[in-house]
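Right, one structure below, let's go through it.
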Amino acid sequence: MNSDQFKGGWKQFKGELKKKWGQLTDDDLTEAEGSYEKFLGVVQKRYGDQKEEVKQWTDDWYSKRERDDVIAKKQTESINQR
């Protein structure tokens, strides 16, 4: 995942993140504030051996968001062509 993708979805992502991974605090999220590298550091600090699991969940979340965006765009284009 690239930094722009991560930063672009940060606000929506951090809400879902706190629901799924409750050990992350508001201070942790403020520290990461849209930076993928800082986020991974915070995850390492809080989750240690589960870092890869959190990273995979994050990648999956962003992939789903991207797929949903593509579908929505195609639907909008289809409606506009009518």
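FYI, it's all coordinate maths here, none of it is from the lab. Since this is a predicted model, take the numbers as computed values, not measurements. Methodologically, a virtual Cβ is constructed for each residue, glycine included, from the backbone with ideal geometry; neighbour enumeration extends over all protein chains shown.
When Cα Rg over 2.2 N^0.38 Å is calculated for this entry, the matching label among [x] 1.27; [y] 0.97; [z] 1.06 is [x]. Ranked by the mean number of other Cβ atoms within 10 Å per residue, highest first, peptides 72-78, 1-7 order as 1-7, 72-78.
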